[in-house]
Every structure is written in structure tokens, then in C-alpha cells.
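Everything on this sheet refers to the single structure shown next.
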Amino acid sequence: KLHSDLDKGVGTVKYTLSGDGAGTVFTIDETTGDIHAIRSLDREEKPFYTLRAQAVDVDTKKPLEPESEFIIKVQDINDNEPKFLDGPYVASVPEMSPVGAYVLQVKATDADDPTYGNSARVVYSILQGQPYFSIDPKTGVIRTALPNMDREVKEQYQVLIQAKDMGGQLGGLAGTTTVNITLTDVNDNPPRFPKSIFHLKVPETSHVGSAIGRIRAVDPDFGKNAEIEYNIVPGDGGNLFDITTDEYTQEGVIKLKKPLDFETKKAYTFKVEASNLHLDHRFHSVGPFKDTATVKINVLDMDEPPVFSKPMYTMEVYEDTPVGTIIGAVTAQDLDAGSSSVRYFIDWKNDVDSYFTIDATEGTIATNELLDRESTAQYNFSIIASKVSNPLLTSKVNVIINVLDVNEFPPEISVPYETSVCENAKPGQVIQTITAADKDLSPAGQRFSFKLSSEASNKPNFTVHDYRNNTAGIETRRNGYSRRQQELYFLPVVIEDSSYPVQSSTNTLTIRVCRCDSDGTIQSCNVEAIFLPVGLSTGALIAILLCIVILLVIVVLYVALRRQKKKDTLMTSKEDIRDNVIHYDDEGGGEEDTQAFDIGALRNPKVIEDNKIRRDIKPDTLRFPRHRPPAEDNTDIRDFINHRLQENDVDPSAPPYDSLATYAYEGNGSVAESLSSIDSLTTEADQDYDYLSDWGPRFKILADMFGEEESYNPDKVT
């Protein structure tokens, strides 16, 4: 209620209200100032409202007093029950937990004002789930209330929890929730076989490694606590069997380790032990976590194929054995109660199997062709045995036949040897070690012997030393060998084997004589090297060659000086008519010879023109010089020579002596070759110049001149 001191109760004052909820939640009587709530209030929705009130004059509408503010507070009542905001709950606790083991804590929330009265004071209690669990009234912690709760007895529990306000007093509001509690497994139970004896029936034809039966031990635990390991107890009749665990079903799978035979043993008995893999030490006092059962296996008789007496047969036969010779036999029999007859045949796979045959009834193996060890040393094939009563039941065995060697090949030198001996070899020196090889299959202990052939044993050159270990050494028997006398030696060596019959062969070794140094190192084995000096060093050989070259130079110089001296002797006499022949210092080998005379005389015609008198003859009478047209400096040499040649040809008084004009085309390259006697192979005494008289008047002066020279020669004997 609002009231102003200025209000005299005559209706001149008007009250107004503004603020939170004014007009919607609260209203005011304008005349009396009474405030009323026009709808229900909820503290949990809005706990207080802030309002403003003012008194105004009715007539003037002016405020009579300043505006005042006041708060309306909503007083709480217990109108909200406790609520479990996280419910329903799920929890777990291990089985066999002790009393008071913590399970879960629950919490309820009350929307009422916790500061006013007991409206928000909550107390917890269990409505369903006793006597297994308990809850703390204040904290809401749930714990186990009974010891040794067994998961195998009951695994799931549903607990109903209540939360009540007003401290749990009468009239308080309450809320509930459920808690689903699961007992988790622990390994508190050992595996147990449901029965003490298991009976299994197994056919005798079961394959090794195949599963022949299953047994199972029961473990009420769960997960890894229920994992079981099976073992066959040692010392029983279970050495033919093995057992493993199926990880999905936890069954024991019995497998066959060795083949079964009904005719040998018809039943087996052994024990199997089942135990847990993961043990819990808290329950060791309960007892051993394993169990044992007996397994009896009865072997069932089956119709089986024949059985060979051996897993494999090995036989031997000599090569070249006659066809049809029996070399061995195989044996198979039917071990079943009916004992059927057996038939044998070769498992044909290739042409090699055709070398042998087998008797279908007896199983004897014989040769079908001649055998050659050098071609095939071993044969490997299969024999099949089948029952007459049931041909589909067959068994197979491998047969290996080794072909034994007959000594038919002589031993030979294993490799070709290149043997050499030094010229300075000493007696007893080993120059080669040889080995032998035999195409025959050498049995253990076979030895080869080496010796010289009978015709070579008497020669004093080489000998053979048998080392008696299938090797031999070639030794020298004399002091030194000469390549000049004999370069190659051929040594026949006889090699024998120790088999029967004894085989031998003669092998020829070629021994080459070589030049070696003092240490025995071979320097040369070439044929050309035979004629080289023996024992000379390289420096000595070079010195000898230099001496030979110097001697050759001396001889050449001597011959040249002799020839020069002879030429000077012929030129000493000016009065001798032969002086005209000797003065050939400008003559040479013709147009091809540019070194025997000065070619400058031909290239400079003025030199020729200045020499008006010929130098090559001695004129009898004075003649006027013939007019010769001057030659130009650049006149061709050939034209110049041709001009002089024509001039002499038309001149009847010109002697046919040798001159520069007539020697233009004379020499080794011309048809007439050289007319000079300087290089003649014969001496002047051997020359006969009488034939010059037969050549006519043009050669008369030449014939007289050489005739005078021949008569003048004092060395000639007439």
C-alpha cells in the first residue's frame, strides 16, 4: 500500500506505478494506493521485482512528491521436488567385492530456495535394491551391502533411488531415479569337464595333422577369465596325438601326429588337462584352477592300399649288364584282414623309365636296355603297387638305381701342359707337375701311376718321378740344354689306373728349351732368339752394334776416298790425250741427275757464250769461232740445248766427243743409258775399243784416241 502525506482523503491525489511487472503482474489503485498481484508468482522464475511509485495532483497532473523506488520480493514455498538431472545411471562393480565397495554417487537438484527453510534440503534413500546395495543419505554414494556377490549367480541389478526435500520429513516433495548395476567378472571359477571320459572313433586312414575330435571344459567365467588351455598329460598313450584350443569356442581340438594302423593298435587312452591362462591370486585358496578328463580313441579298420617294406629302394648294377638281368626287387603287402594280392608296375613319366622292367607279380626289376655310366650314372623312378581286390587303392615308392663303372677308359693327362726347360737347368730339377683324369667313375682308393715309355727311358734328357698321389713331376737328367742343337723335346709318359682290368695310355709332353736368367726366370723361347749371344747383357749388345756401325762407316769412307784418289790420278797429266775424257766435272746422270754437275752453267747462257773455245777437246788447228746467236736470259733451257744440238749436227768438223750439248738427255733415265765409263763394272784394261773403228768417220777421232790410250797403258801385257 502506498500513501502520501499530502493525501487528505478528498480525492485530490492520484497514485501511479511503473517498473518490473507494472500493469502485467502488479496493479495499483489510483485513489487508495493499494498494490495487488494480478497473477500467480513463481520465485524460481523471478525472485523479485523493482517498481517505482509516484503521487500526482489530480487536477494539475503535477507530482506532489518525488518518485520513490521499492522492491517486491517473492517469498519461496516448497513447490519443487528434487530432480536427478543425470539419471538413469549405469554402474558396475567386480563380483566378489567386499561390503562397502564403492559403486556410484548420485545427485539430485531442488529448485527451491536453499536459504529459506528446508525446501531445498535433500535426503537420499533406496526404494529398491536392498539388501545388495546401500546409499549414503547425505552424499548419495552407493556401496555394496553384501559380500561375495557372484556374477555367475546374478549379474544385473536395478536399484531405485529416492531424493526427498524438507530433510525427508513428512510433507516433503520427492524425486526418484534408477541405477543399473552390473557385476563384472573375475576369475573365481576353474574350468570343469562336464564328464570324466570322452569317447572318439577315428578311421585308420586319417591324415596326419587332421582334427579327429573335440572336447570341451566349461568355465562359467567370462572373457579372458574363461580362456582355457588344453594339454595331453605326459606318460600316457597320447604320443600319437596333439591338442590345441579353438580360440572362438574354447574347445580342445585333438589332432593326429602320427598315422594310425588298425592292424597294429586298435585303441588309445590318454588324459587331457584343462587350465585357465589368466589366474587371479585372490582366489588361489579356492583350489587348483584346472581339471582332468580321460580320452579314449577307438581306431576304425579301413580298406588301405598296399604298404612297401621300405620307404625307398636303392639298387646297383654294372654298366653293360646284359638285357634281362635282375638287379633287385620291391615288396609290398596288404595289411588288411582280407590280405589281397598285390600287383606292381612302373610309373612311366619319361623315356628313362624304359631302361627297366618289373615283374607284376614278384616285383623283381630287370634291365631292359644296355646301360652306360658315362651317359647316365643314376636312374630315379617310381614303382606303384595296387591291390587286386581294389585296384584304386595304390601306393608308390621311389627306386634309385646307381650304375657302377666298368673300367673301360684309360687315364689321360687332365689338361694340356706347356712345358719349358731352361738352357741352364741342373740335373734333378722339376720343370712340370702333371695330373691325370679318367672318364670312368673312380672308386675310393683308385690311384694313377706315371712312368716313361720304354723307348724314352734310355734317353738321358728327362725322367718322370711318380709322387704316388695321382701326380708326377717331370725332372731333368742332364746339366744344361742347347736350343741350337734341339729346340723341342717330345717326352712320352705312360699313365696307368688301378682298376680292373688295368687301362693305360701314352701321353706325349712337348718340352721347349728356353733362355732363362740366373734365377730361372724365362726370358725368351722364340726361335729367332736362338742366334742371339748367350749371357750378354743389353749394354754389351748395344756396344757391339755400335762397333759394327762404325766399321761400316769406315769402309764406306775408305771406298769413297779410293774412288776420289783414282779420279785425281787420271787428271794429273795435262799432256795425256785422255785428259779430254777425264774433264767431265760437269757431267752427270742426265736430265734426272741434278747433283753430278753445276746446273747453273745451263741456266746462264752467257757463261757458255764467253767460253768460245770448247774445253772437252784439244783442237788440231785453229778454227774461227762459229757465230752463235746470243741467248736471252730467260730462254728456256730445252730450246737452248736443242739449238746447240742442231748446230753441232750440221757442223762436219765438230768431233763427236761428249759435251754439255750431247749430255742433255743422257743418263740412267735415257734409252742409251750412261755413256761414261766412270761407273763401269769392268776395269779399263778389260775394255776393247776396236769396235769404234767400225762406226764410221764420225767416230774416227774417238777410235784413234782410245786406241792410243790402249797402246799407252803400261799395265797391259801383250
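List of remarks:
- Accessible-area composition of region 458-518, carbon plus sulfur, in percent [1.4 Å probe]: 42 percent
- Scanning residues 5 or more positions from V218 or on other chains, those with amide H under 5 Å from its amide H are R192, F193, with H placed 1.01 Å from N in the peptide plane.
- Proximal charge balance of Q75 [Cβ under 12 Å; K/R count +1, D/E count -1]: -3
- Bins of 10 Å from zero: percent of alpha-carbon pairs in region 83-184: 16, 46, 25, 11, 2, 0
- Taking the accessible area of region 83-184, probe 1.4 Å, and keeping the other protein chains in place, the carbon and sulfur fraction comes to 52%.
- Of the residues R43, R563, the one with the largest accessible area comes first in the ranking R563, R43, computed with a 1.4 Å probe on protein heavy atoms.
- Qualifying GluC sites (Glu not before Pro) in region 346-442, where qualification requires a DSSP coil assignment and no more than 12 other C-beta atoms within 10 Å, comprise E362, E369, E418.
- Other-chain or far-sequence residues with amide H under 5 Å of T176's (modelled H): A163
- Label-point separation in nm, Q156 to N180, each point 7 Å along Cα→Cβ: 0.6 nm
- Dipole in debye (nearest 20) - region 83-184, about Cα centre, beta carbon charges: Lys, Arg +1; Asp, Glu -1: 120 debye
- For region 308-377: Kirkwood Rh in Å [reciprocal of mean 1/r, alpha carbons]: 13.5 Å
- Sparse packing (at most 16 other Cβ atoms within 10 Å of the Cβ) combined with a DSSP loop state is found for the following chymotrypsin sites (Phe, Trp or Tyr not before Pro) in region 425-517: Y467.
- Loop-resident sites, region 476-529, for trypsin sites (Lys or Arg not before Pro), counting at most 16 other Cβ within 10 Å (DSSP): R477, R478, R484
- Taking each of K565/K700; K195/K271; K8/K62; K201/K255; K296/K387 in turn, the alpha-carbon distance tops 24 angstrom for K565/K700; K296/K387.
- Rounded to the nearest 20 debye, the dipole size of region 412-524 about its Cα centre is 400 debye, using +1 on the Cβ of Lys and Arg and -1 on the Cβ of Asp and Glu.
- Sequence-distant lysines (8 or more away, or on other chains) whose Cα lies within less than 22 Å of K154: K224
- Summary of the geometry: region 25-100 and region 238-299, compared by the centres of their Cα atoms, lie 78 Å apart.
- Most simply put, region 412-524 has about 85% antiparallel DSSP beta bridges, counting only bridges with both residues inside it.
The values are calculated or read from the model by the stated rules, or taken from the named source; none is laboratory data. These numbers come from a predicted model, not from an experiment. Cβ: placed from backbone, ideal geometry, glycine included. Neighbour counts: every protein chain shown. We work out accessible area using only protein heavy atoms, side chains counted, and drop any ligands, DNA or RNA first. Shrake-Rupley method; radii C 1.70, N 1.55, O 1.52, S 1.80 Å.
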